[in-house]
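Down below is the structure, laid out as structure tokens.
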Amino acid sequence: MWIDTHCHFDVSEFDLDRQQVAAQASAVGVEAIAVIGYLAQHWPNLLAVCASIDAPKLLPVLGLHPCYIAEHQSEHLQQLEQYLQQSACIAVGEIGLDTYVAEIKGQALYQKQQDFFSAQLQLAKHYQKPAILHVRKAHADVFRLLRAQKFSQGGIVHAFSGGIEEAKMYAKLGFKLGIGGSLTYPQAKRLHNVVAAMPIESLVIETDAPDMIPQPFRNLDAHHTRNSPAYLPCIAQALADSKQLSLAELAPILWQNSCQALHLSLKSERVNLASHLL
């Protein structure tokens, strides 16, 4: 009954037990996982991983992450277009702007960030794909470039970290807000305020696994430091508590939100069952 809208399930942290983790996620109701790209050199492996597992359904998303801007080359944009022409991915991401990381916010690299973000927005617009956005301390410039592109495909703002006004602007531009493990931390007051202020129709859930582990699963033992798509129901429960909804009420809403944001037509028997419980 759940879609993990942002997960790095292709990375090496899952190489030893990926099938087992997939089975665990499926057992707790995760029916689809958006597997998000960030470097061109990893795209072939990402696609191979997505083809290797039947349940949950793995949905490939390819893009050039702003935090790796120094490694991106113009030919990587050409490769991305080739994948889009082949319909090998459902969305373009994770793309965006980041001035939080000191090493990439200098004038030259930040201009390169903007150039690559604009180019990828153009590709997403041309091939009618949603965008998965990474934005840290750069919301004004992201808004400017989205408007300059007249981008109307929507998508998801991954790990949303802005305030209420930024949240409303993204919603106005057709984006959902990605809510992850941070919501399980009481000290994340800004995020809690955003979730309380925004309508549930503007929200989706994500794990960002293997990062952003939810609080209940953190430091269970010395070796337990990896997030998992199997922990997605924990985030759903935190969101349900915040919005004063039951999981049965929340599930079909989030399913519809996720499918809308990612331009999917997936059907879920479990979501249909949950909707009958309303």
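What the table below lists for this structure:
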{"quantity": "Tally, over segment 211-220, of residues that are aliphatic (A, V, I, L, M) and either assigned to a helix (DSSP H, G or I) or surrounded by 15 or more Cβ atoms within 10 Å (Cβ to Cβ) (or both)", "calculated": "2"}
{"quantity": "Long-range neighbours under 9 Å by Cβ, at least six apart or interchain, first residue surrounded by 13 or more Cβ atoms within 10 Å (Cβ to Cβ) within segment 10-22, second in a helix (DSSP H, G or I) and small (Gly, Ala, Ser)", "calculated": "ASP10/ALA48; PHE14/ALA22; ARG18/SER52; VAL21/ALA230; ALA22/ALA230"}
{"quantity": "Residue that is nearest to the chain's Cα centre (by Cα), among those in segment 136-162 that are part of a strand (DSSP E or B) and under 20 Å from TYR185 (Cβ atoms)", "calculated": "VAL157"}
{"quantity": "Some residue of segment 133-149 being buried (at least 19 other Cβ atoms within 10 Å of the Cβ) and either under 15 Å from ALA34 (Cβ atoms) or touching a His at 6+ places or on another chain (Cβ under 7 Å) (or both)", "calculated": "yes"}
{"quantity": "Search result, residues across segment 89-108 that are in contact (Cβ under 8 Å) with a residue 24 or more places away in the chain and either part of a strand (DSSP E or B) or surrounded by 15 or more Cβ atoms within 10 Å (Cβ to Cβ) (or both)", "calculated": "CYS89, ILE90, ALA91, VAL92, GLY93, GLU94, ILE95, GLY96, LEU97, ASP98, THR99, ILE104"}
{"quantity": "Residue in segment 48-63 that is hydroxyl-bearing (Ser, Thr, Tyr), modelled with pLDDT of 95 or more, assigned to a loop (DSSP other than H, G, I, E, B) and surrounded by fewer than 24 Cβ atoms within 10 Å (Cβ to Cβ) present", "calculated": "no"}
{"quantity": "Single condition HIS6 does not satisfy, out of (1) part of a helix (DSSP H, G or I); (2) under 22 Å from VAL135 (Cβ atoms)", "calculated": "(1)"}
{"quantity": "Matching residues in segment 255-278 - criterion: being under 24 Å from the mean Cα position of the chain (by Cα), hydroxyl-bearing (Ser, Thr, Tyr) and modelled with pLDDT under 80", "calculated": "SER268"}
{"quantity": "Within segment 172-202, tally of residues that are within 24 Å of VAL92 (Cβ to Cβ), surrounded by fewer than 14 Cβ atoms within 10 Å (Cβ to Cβ) and of a type in the set (Lys, Arg)", "calculated": "1"}
{"quantity": "Failed item, numbered, when PHE116 is tested on (1) touching a helix residue (DSSP H, G or I) at 6+ places or on another chain (Cβ under 6 Å); (2) closer than 23 Å to GLY178 by Cβ", "calculated": "(1)"}
{"quantity": "Residue that is surrounded by the fewest Cβ atoms within 10 Å (Cβ to Cβ) [pool: residues in segment 23-43 that are under 15 Å from LEU58 (Cβ atoms), touching a residue at least 60 places away in the same chain (Cβ under 8 Å) and within 19 Å of the chain's Cα centre (by Cα)]", "calculated": "GLU31"}
{"quantity": "Sole residue being at pLDDT below 95 and aliphatic (A, V, I, L, M), chosen from ALA230, ALA238, ALA197, ALA222", "calculated": "ALA222"}
{"quantity": "Inter-residue pairs, beta-carbon under 6 Å, first at pLDDT 95 or above and in segment 146-159, second in a loop (DSSP other than H, G, I, E, B) and not acidic (Asp, Glu), 6+ apart", "calculated": "LEU146/LEU173; GLN153/PRO130; GLY154/PRO130; GLY154/GLY174; GLY155/PRO130; ALA159/GLY180"}
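Okay, residues lined up against (1) hydrophobic (A, V, I, L, M, F, W, C); (2) at positive phi; (3) in a loop (DSSP other than H, G, I, E, B):
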{"position": "LEU183", "(1), (2), (3)": "yes, no, no"}
{"position": "GLN187", "(1), (2), (3)": "no, no, yes"}
{"position": "GLU201", "(1), (2), (3)": "no, no, no"}
{"position": "ALA209", "(1), (2), (3)": "yes, no, yes"}
{"position": "ALA238", "(1), (2), (3)": "yes, no, no"}
{"position": "SER242", "(1), (2), (3)": "no, no, no"}
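The values are calculated or read from the model by the stated rules, or taken from the named source; none is laboratory data. If you're wondering where the values come from, they're calculated on a predicted model, not measured in any experiment. In this analysis, Cβ positions are derived from the backbone assuming ideal geometry, glycine residues included, and neighbour counts consider all displayed protein chains.
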